[in-house]
Amino acid sequence: MVRHTTLWAPLALPLVIVCACAGPSATDRARALDRQGRVEQAVALLEARLDAHPDDVQARRLLVRLLGVTGDLPRARAQAEELSRQLGPSDPSPYLELGHALELAHRYDEALAAYDEAATAAPASPAGPREGGLRCARWGEVSDARPRLEEAVRRGANDAETWHALGLVRVHQGDFAAAEQAYRALAALDPHAPEAWLGLATVAVAQGDAARALAAYDELLARRPRLASAELGRAWALAKLGRRDDAARALDRAEQMGAPAVNVARQRAALAATAP
């Protein structure tokens, strides 16, 4: 029990409170060094940590990635193999970390092979096909992305990034019904996600369905009230529906929001051309 100094104490000593707060972990310090561009120091720190604590899985996972940054892929592979020994052959994590390291070294085909190996090693986990599918989508390889993302969903992936990527891939392939299904799944998962409503608007515009586009743009603007591109899309839908005055007002709002002048002018010209 800490007692307060009272008036009768012959000598008042300062009360020192010692905080036993733990400092940042080696992994946190390594991340900080990486953010500062001091990757070699981060690698040395993690290696020292693993020499003393070889069971530190988080440190080893980060080390695999940082070795990819330095381009030392042999050591990255060796650390991934050690991670696999620690976690067991059915854990996808070592293959995923190696894939990230290979990406950081710009070895994209090998990275995709690592993600596919993660999918094979853990056939019940969505992690491998999801990671491979997301990466293919970001690389613009939609025909490779779609089967992986669909497999991830089949295995239970149900997150906003996966549904958004799958919807975008299906749009690029012209499969609008399937794209709408993905975006509606995203909207059900997170009704506040603007990507869901932007995706649904994109699908509707591609199909020439102005009413559905307008409904999606209204939902999008409810979540992003200052999104000029959404107001432009709304103006297009209103014009298609014959609501010329409403379309003109939407164009005024889009202009006030900072929409590109050329786009506003183009839609105004199209609206004027349809005047009775």
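Read-outs: derived from the displayed coordinates by stated rules, not from any lab. None of the values given here were measured: they were computed from a predicted structure.
Below, the figures for the structure above:
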quantity: Cα gyration tensor category, rounded, prolate or oblate, for segment 180-232 with a/c compared to 1.5; calculated: oblate
quantity: Cα centroid separation, segment 78-153 to segment 206-276 (Å); calculated: 41
quantity: Cα-based shape type of segment 89-174, given that a ≥ b ≥ c are square roots of the gyration tensor eigenvalues and the cut on a/c is 1.5; calculated: oblate
quantity: The chain shape via C-alpha gyration tensor axes, a/c threshold 1.5; calculated: oblate
